[in-house]
Each structure stands twice: as structure tokens, then as C-alpha cells.
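The values are calculated or read from the model by the stated rules, or taken from the named source; none is laboratory data. These numbers come from a predicted model, not from an experiment. Glycine also receives a Cβ, built like all others from the backbone with ideal geometry; neighbour counts cover every protein chain displayed.
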Amino acid sequence: MLQLHQRFIQSAKRFPKRIAVHDKATMQDYTYSRMLIASLILKEHIAKIRGKYVGILLPTGVGAMLTILGSLMKGKVPVMINYATGAIENCLYAREKCQFKTIITSKKLLDKLGLQPIDHMIFVEDILSSVTFAAKIKAALTSKLPFSILQNMVHHGDLSEISVILFTSGSEKEPKAVQLSHKNILHNVNAFPTMIHLDENDVFASILPMFHVFGLTVDFWLPALIGASMVTYPNPLEYRTVCEYIRDYKVTFIAATPAFFYGYLQKSNPGDFKSVKIAIAGADKLPDKVYEGFLKKHKLTMYEGYGTTETSPVISTCYPGNHKPGSVGRPIPNTQVRILDIHTDKILGPNQEGKIFVKGDLVMEGYLHDLEQTSLRIRNGWYDTGDIGLIDDDGFLYHKGRLKRFVKVGGEMVSLVKVEEHLSELLPENVICCVVDVPNPTKGADVVAAVANGDFDINKVLKQLKKELPAIAVPKQFYVIEDIPMMASGKVNFREVEKICREKNTKNKD
């Protein structure tokens, strides 16, 4: 069985002249042949790096893709580092967690972030400027060799070898280092074309950060291994620009978070999404207003999927011919999902709500240097997602939220996600909201809401909420937080929002 980088070589040999990447940061196009030559050159430079792990601090684009390929071709494990929030702190955290030194980054990225380099950083600009004519010729000649020879000239091993280290979001607690093997990611990559017709003629909007599993698997490995084209852009928050590229390059496939899709809905013009066949939202609940907005403005059905970093990522997804609005689809091929009772771990039947457990080759190898957390989350091959959901009579999975996003108020379980959904429907479109809990000495907790601004009639909203929700679930306070903390993936940083709300709550009591 071929590892990821060997599968890439196979694609490059099959489609040498096809554009692999339209890199909008450098305004250059890269054919599969050019990508192969460049990754072989990088492999030789990465060979000089000591140790098993290589830190990668690079934005979405051809530089990050080639660095990953070059690392794997040399038998190194790329450690993908979040540059969007606290880049230097994340570098130091990753180093300590994974015990490595060298980080490959870009001077241009550090300049843009206003950061000074730290020790043991090497720059892609310096690597490129040091490439000799002889090295280019050697790589070009090597790339022309038959695949049967070339696949053995790069690192090759078992599919259970680790292909990447990714970090959990840290939206709820300290990030964990997730070890994903070649087998894990290939499970997702191999499953997609069996559900959705995808081939070398497709064009992917590759806009998600590659330190995020959604971006790494669905925006890079999936298109690269089927020989499709990718349009890369490092900032998915530049909504208008992304919409223009989707239109100009006739993008057929886009995956993003609901928060990003909402931005594209707001900034797009009719016709921008005309070429899109598949649009999949993941990493967060898809609001009705986004789903309905795309149907109305672009006649485009948004499909919702569900996954986690630990499952490489996709567990289930809706797609054409297999779609129930509100659900996150049926489990992808060769994936088992079951629902367990929150308190007893008894396996539940259809339409019964409980904890979501997953089994299959998509489940991570474990958390690096954290046997305790690994054994808590994986038992007999079953991964405890920490999420709540149910499976209906037709086998469709419904995601109800994180177990940690349920709170006991006066002895009753309240879903903060459900409160958020109701509140979001009642607020004006420009008001972002997030619901968290704060301590209450008598009831255990109170539900409170954080809103991005106060431009709405709070009494009117509360009156309507009281009709739709039990009294214990209605927010007791509305706190205005102008810049609600967000993760780079487009998710709300619940840990930070909760911290701010608890501080505000304490001040109110004082």
C-alpha cells in the first residue's frame, strides 16, 4: 500500500501538465510536474534537519504543500503550527510538546504578522535562493523516472506511520497533539470519491488553514491525490476576494466553516457560485439562515458534514442524493458510529440522544506523549468524540453539540447550542452571538449570552425566547463583547468567551 506522498507522486506522473495549484499569494501556477520537482528539491534540504519532527509555520499555499511533501519524502513528520493566533507561543508550545527544534516558515509571513523570528527557524525564501542549477537538473531528471522506480527513491513504510501532528483547537482546554497516520488520512481521501463524483477535472477552493485538519485533508490531500486543481488563498476572511476567485477559476468544490460561508453569502454577487457542484460546511453547526441564504441567492444546496481532528476529520456528511436538512449525513464508508447513554454507556437505539462514538481507520493513532488522554478517549478501538447526537431510523446522524456545551441548571440539562440557535434566529443578521454558562451558588449555573453589539431590542428578544425555551435556558444576562474571540478555523473560542463573561458577571455582583 502506498503512503500519502507516494500517492502524490502517482498523481504527478498521471497528470504532469495539469495545473495542481493556482497560488494566489504568489500569483503563480504550478503544474503537477513542477510540484513533483520542487518537492524532490525540498526533500534534500529537509534531509539536513536533525530529528524526526519538523515544525511548519506556513500559510495555505504551494509553499506549505511542498514542505509537507518534502518532509514525508524524507521520512520526517510535519508538525503543523497555528499562525493565526499567538504564532510564537504556538511554536514554543509545539516544540515542547513534540521535542523538536527546527521550524520552516516564511519571512513574508512573519513580516505580515509583525513578528521577530526565534531560534532554529529556517525560511523558505532562503531555501529557494540556495537551490543550485545542478540540484534543479537532478530533481527534474529524477522526476522523469518511472513511478515504479521513483516510489522507492523516497521514504516508504507502513501506512500506520504518522503522517502529521495537528493540534486540537484549544477552544475548551489546552491543545493536544493529535497523531494522524497515512492510513487515517487515506481513509477519508478514499471514501470521498465513492460518495461524490470527484476527479481530475474538479477545481477545489483550498482556502482553509493547513494546521486545521479540515484544510489539510479536504483542501490538500483529497485534490492532490485525485489529480484535481486547487486555488489557494491564505486568508479565507477576505470574503469578497475569495468569491471572485471561486467565480474566475470556476471552482466546483468548496468546504468551509459556517462562519466563513456566512461571510461569502454576505459579500458574493449572484453568479459567483455558478460553477460550484458541492459546498460542504463543517466544524460547526450550519445555521438555517446560511443554508437558506445560499439556496435563495445562488440556488446552491449547502451540505453539512461532521468530523473531528482525531478522525482525520470526516465522520459523516450529507451529499447529493443522500441529504436530510438538519442532519450531518450518514457515516462515510467503512466507518462505524454508535450512540451511548451519557450516564451508563449503554448502547442506544434509533432516535435516542447520547454520546457519539466512532470506529474505523479514520481514528487517530493517539495523542503524542499523552497516554492518559489517549486511553480516556479511545477504548477498544472506539473513539469518544465528546459530542452529543442521535441516529435516526434511516441512519442519518444528528449532532446536538459538545457534551461540554451542555450545562446543569437547577438539576436539568440545558443545551447551550440549542439556546444559541434560537437566539441567532431572533437577532439581526449582523449580531454574532455565543451562549455560555457562569456559576450560580444555588442553581449550579446560569446561562448568559455574549453578543457582538447591542443593536437590538433585548426585551423583545427575551419575550420571544421565553415562548420557545424553558425558563432555566433563557439567558439571564446579555454581555456585549465587540470582538467575540474566534479560532482561526472560524469557530468561536468558547474558553475565552466564557472567561470574559465570568469576569463581567463577577464585576456585576461586586
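Go through (1) within 25 Å of residue 86 (Cβ to Cβ); (2) modelled with pLDDT of 95 or more one by one and return the number of the condition residue 137 breaks.
Looking at each condition in turn, residue 137 falls short on (1).
Regarding the range 45-63, can at least one residue be identified that is touching a His at 6+ places or on another chain (Cβ under 9 Å) and crowded, with 22+ Cβ neighbours inside 10 Å?
So far as the range 45-63 goes, yes, one or more of its residues are touching a His at 6+ places or on another chain (Cβ under 9 Å) and crowded, with 22+ Cβ neighbours inside 10 Å.
Does residue 272 satisfy the criteria of being under 23 Å from residue 229 (Cα atoms) and touching a helix residue (DSSP H, G or I) at 6+ places or on another chain (Cβ under 7 Å)?
Yes: the conditions hold for residue 272.
Results for (1) modelled with pLDDT under 80; (2) over 24 Å from residue 264 (Cα atoms), shown as yes or no for each residue.
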{"site": "384", "(1), (2)": "no, yes"}
{"site": "387", "(1), (2)": "no, yes"}
{"site": "394", "(1), (2)": "no, yes"}
{"site": "424", "(1), (2)": "no, no"}
{"site": "430", "(1), (2)": "yes, no"}
{"site": "433", "(1), (2)": "no, no"}
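Which one of 497, 492, 480 is within 29 Å of the chain's Cα centre (by Cα), hydrophobic (A, V, I, L, M, F, W, C) and surrounded by fewer than 18 Cβ atoms within 10 Å (Cβ to Cβ)?
Exactly one residue qualifies, and that residue is 480.
Of the residues 499, 504, which is without any contact (Cβ under 8 Å) to a residue 40 or more places away in the chain and more than 26 Å from residue 213 (Cβ to Cβ)?
The unique qualifying residue is 504.
With respect to the numbered conditions (1) in contact (Cβ under 8 Å) with a residue 24 or more places away in the chain; (2) at positive phi, which one is the sole condition not fulfilled by residue 27?
Against the list (1) in contact (Cβ under 8 Å) with a residue 24 or more places away in the chain; (2) at positive phi, residue 27 comes up short only on (1).
Under the condition of being among the hydrophobic types (A, V, I, L, M, F, W, C) and closer than 24 Å to residue 187 by Cβ, which residue from the range 1-20 is modelled with the lowest pLDDT?
1
Take the range 49-85 and flag every residue that is over 24 Å from residue 369 (Cα atoms) and part of a helix (DSSP H, G or I).
Selection gives 62, 63, 64, 65, 66, 67, 69, 70, 73.
Among the residues of the range 137-155, how many are surrounded by fewer than 15 Cβ atoms within 10 Å (Cβ to Cβ) and not hydrophobic (A, V, I, L, M, F, W, C)?
Here the count works out to 4.
Can you tell me which residue within the range 228-267, out of those that are touching a strand residue (DSSP E or B) at 6+ places or on another chain (Cβ under 8 Å) and of a type in the set (Gly, Ala, Ser), is farthest from residue 112 (Cα to Cα)?
228
Specify the residue that is surrounded by the fewest Cβ atoms within 10 Å (Cβ to Cβ); the eligible residues are those in the range 75-103 that are among the basic types (Lys, Arg) and under 19 Å from residue 64 (Cα atoms).
101
Out of (1) at pLDDT 95 or above; (2) of a type in the set (Asp, Glu); (3) over 16 Å from the mean Cα position of the chain (by Cα), the odd one out for residue 174 is which?
Failing condition for residue 174: (1).
Within the bounds of the range 139-162, is there any residue that is of a type outside the set (S, T, N, Q), more than 16 Å from residue 7 (Cβ to Cβ) and in contact with a helix residue (DSSP H, G or I) (Cβ under 7 Å, 6 or more places away or on another chain)?
Yes.
I'm told residue 372 meets every condition in (1) more than 20 Å from residue 216 (Cβ to Cβ); (2) under 19 Å from the mean Cα position of the chain (by Cα); (3) at pLDDT below 95 except one. Can you identify the failing condition by its number?
Just one mismatch for residue 372, condition (2).
Within the range 434-489, track down each residue that is touching a residue at least 40 places away in the same chain (Cβ under 8 Å), under 25 Å from residue 257 (Cα atoms) and either of a type in the set (S, T, N, Q) or part of a strand (DSSP E or B) (or both).
Result: 434, 435, 436, 437, 448, 450, 486, 489.
Mind listing just one residue for me: the one in the range 24-83 that is of a type in the set (S, T, N, Q) and more than 22 Å from residue 245 (Cα to Cα) and, of those, modelled with the lowest pLDDT?
Out of the qualifying residues, it is 82.
Would you say residue 390 is outside the structural domain of residue 167 (by TED's automatic domain parsing) and farther than 21 Å from residue 305 by Cα?
No; evaluated as a whole, the condition is false for this residue.
Within the range 339-351, is even one residue within 22 Å of residue 283 (Cα to Cα), loosely packed, with under 13 Cβ neighbours inside 10 Å and out of contact with any Phe, Trp or Tyr (no Cβ under 7 Å at 6 or more places or on another chain)?
Taking every residue of the range 339-351 in turn, none turns out to be within 22 Å of residue 283 (Cα to Cα), loosely packed, with under 13 Cβ neighbours inside 10 Å and out of contact with any Phe, Trp or Tyr (no Cβ under 7 Å at 6 or more places or on another chain).
Answer yes or no as to whether residue 53 is under 23 Å from residue 120 (Cα atoms) and touching a strand residue (DSSP E or B) at 6+ places or on another chain (Cβ under 7 Å).
Yes, satisfied.
Give 474, 480, 492 a once-over and let me know the one that is at pLDDT below 80 and either among the hydrophobic types (A, V, I, L, M, F, W, C) or not assigned by TED's automatic domain parsing to the domain that holds residue 446 (or both).
Just one listed residue meets the conditions, 492.
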